[in-house]
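Note sheet for the following structure.
The values are calculated or read from the model by the stated rules, or taken from the named source; none is laboratory data. This structure is a prediction, so every number in the text was calculated from the model and none was measured. No Cβ is skipped: glycine too gets one built from the backbone with ideal geometry, and neighbour counts run over all protein chains shown.
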Amino acid sequence: MDKITEFCQPIADAIIAGLEKVQADGCKWEMPWAAPKNRPYNWLTKEPYHGMNTFILAACQYNKGYRHPYWLTFKQMKTVESQFNADTGFTDEVHLTNKGAKSTRCLKVDRYPRKGYKKVSPTQYISPAGKSCGPDEGEVFYSNVFNLFNVDQISGWPDGMWSDPIQSDHIEPSYDPCIGWWRSAGPQLPPLQRRDYAAYSPPHDLVYMPDLSEFTEESQYWATLLHEFSHATSHKKRVGRDVKTRAEIKAYAVEELIAEFSASYLTAFFGIEGDLQHREYIGSYAEVLKNDPTIIRTCASEADKAATWLLKAGAMDWHNPFKTNEEIAA
């Protein structure tokens, strides 16, 4: 088993178990990776995590009950410790420790030039024989598993460094933010046509939707619409998506999983209750992941791209705790 498959297997198994539970019990699909607004960030670099690592860390924060979405490697923790001790504003020496804490494993996958190949542009390489070629020939994959610790797992922080996030009382859901986003993103999204079913038509670049009155709950209307708009990002004039799968894997199930994950991110962002939009595909979802657990990496990555594109199309973005509203708007 290669490194990527070994890494993805337990994550795929957990998703499969959740899907099969929904299929057996008819219960709601729990989606702990759909963290509302506060995506996982590296506390030292101030950069967000992407793709599958967003998926993993958000789910871990939810399952473990961590209060904050900030993460560090052991080496980065020691760098932060040194920065604190170099700061003359602290009277006492800081000693950060994660003793006894269990790390969360994440995956970095990148490409680098194949030995003997020279990169002359983002899409062109020169082989050792002097032949021009593309990235498929000129690059090789590099994968590395690294370990992260949530800041809640680290003790020794200066006094007052962390405070409990403010817990708001339950309020009735408002669809105004989602409606505002849709109005702003409208020119970049496919138009809607009324049908008695929900679907996205790639050849016509149209989204078919039942009327709002045909849904028992308004939240399901918006969750369904966000699911179909997620499909629409596959169009080449938006994100574009050409998911390559093995011959025995049904590509439509992969695309459905991408849309499910993307919609789960978006419903969490807008504070909308969401659930599986196409329960009849559960068996196909599970089959896809059983045949190739690494597909979960593709689904998580493509869903992240789709949800991010859709938000930006409506002049919105994920909350960045390290930037002011003015910086985000710019």
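Yes or no, residue by residue, for (1) without any contact (Cβ under 8 Å) to a residue 24 or more places away in the chain; (2) among the small types (Gly, Ala, Ser); (3) buried (at least 24 other Cβ atoms within 10 Å of the Cβ):
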| residue | (1), (2), (3) |
| --- | --- |
| Glu255 | no, no, no |
| Ser262 | no, yes, yes |
| Arg279 | no, no, no |
| Ala286 | no, yes, no |
Q) Looking at (1) over 26 Å from Trp43 (Cβ atoms); (2) modelled with pLDDT under 90; (3) part of a helix (DSSP H, G or I), can you tell me which one Glu327 breaks? A) (1)
Q. How many residues does region 34-45 hold that are modelled with pLDDT of 85 or more and assigned to a loop (DSSP other than H, G, I, E, B)?
A. 5
Q: Residues being out of contact with any helix residue (DSSP H, G or I) (no Cβ under 7 Å at 6 or more places or on another chain) and touching a residue at least 24 places away in the same chain (Cβ under 8 Å): count how many of those fall in region 12-44.
A: 5
Q: Could you list all residues from region 78-100 that are touching a residue at least 12 places away in the same chain (Cβ under 8 Å) and either in contact with a strand residue (DSSP E or B) (Cβ under 7 Å, 6 or more places away or on another chain) or β-branched (Val, Ile, Thr) (or both)?
A: Thr79, Val80, Val94, Thr97, Asn98
Q. Within the set of pairs 6 or more residues apart or between chains, which connect a residue that is at positive phi inside region 107-131 to a residue that is not in a strand (DSSP E or B) and not hydrophobic (A, V, I, L, M, F, W, C) with Cβ atoms less than 8 Å apart?
A. Gly116/Ser127; Gly116/Pro128
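Does Val243 satisfy the condition of being outside any helix (DSSP H, G or I), without any contact (Cβ under 8 Å) to a residue 60 or more places away in the chain and under 24 Å from Cys106 (Cβ atoms)?
Details: outside any helix (DSSP H, G or I): yes; without any contact (Cβ under 8 Å) to a residue 60 or more places away in the chain: yes; under 24 Å from Cys106 (Cβ atoms): yes.
The answer is yes for Val243.
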Q. Taking Val239, is it of a type in the set (A, V, I, L, M, F, W, C), in contact with a Ser or Thr (Cβ under 8 Å, 6 or more places away or on another chain) and at pLDDT below 90?
A. no
Q: Confirm whether Ala259 is on the phi < 0 side of the Ramachandran plot, hydrophobic (A, V, I, L, M, F, W, C) and either touching an Asp or Glu at 6+ places or on another chain (Cβ under 7 Å) or not assigned by TED's automatic domain parsing to the domain that holds Leu225 (or both).
A: no
Q.
Scan region 130-146 and tell me whether some residue there is under 27 Å from Ile11 (Cβ atoms) and among the aliphatic types (A, V, I, L, M).
A. yes
Q. What tally of residues in region 59-78 results from selecting those that are at negative phi and assigned to a loop (DSSP other than H, G, I, E, B)?
A. 5
(Q) Being modelled with pLDDT under 90, of a type outside the set (S, T, N, Q) and not assigned by TED's automatic domain parsing to the domain that holds Phe261: is that true of Val22 here? (A) yes
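Would you pick out the residues in region 288-312 that are among the β-branched types (Val, Ile, Thr), assigned to a helix (DSSP H, G or I) and surrounded by fewer than 24 Cβ atoms within 10 Å (Cβ to Cβ)? Outline the logic, then answer.
Kept after step one, since they are among the β-branched types (Val, Ile, Thr), are these residues of region 288-312: 288, 294-296, 298, 308.
Going one step further and asking which of them are assigned to a helix (DSSP H, G or I), we end up with 288, 295-296, 298, 308.
Within region 288-312, Ile295, Thr298, Thr308 meet the criteria.
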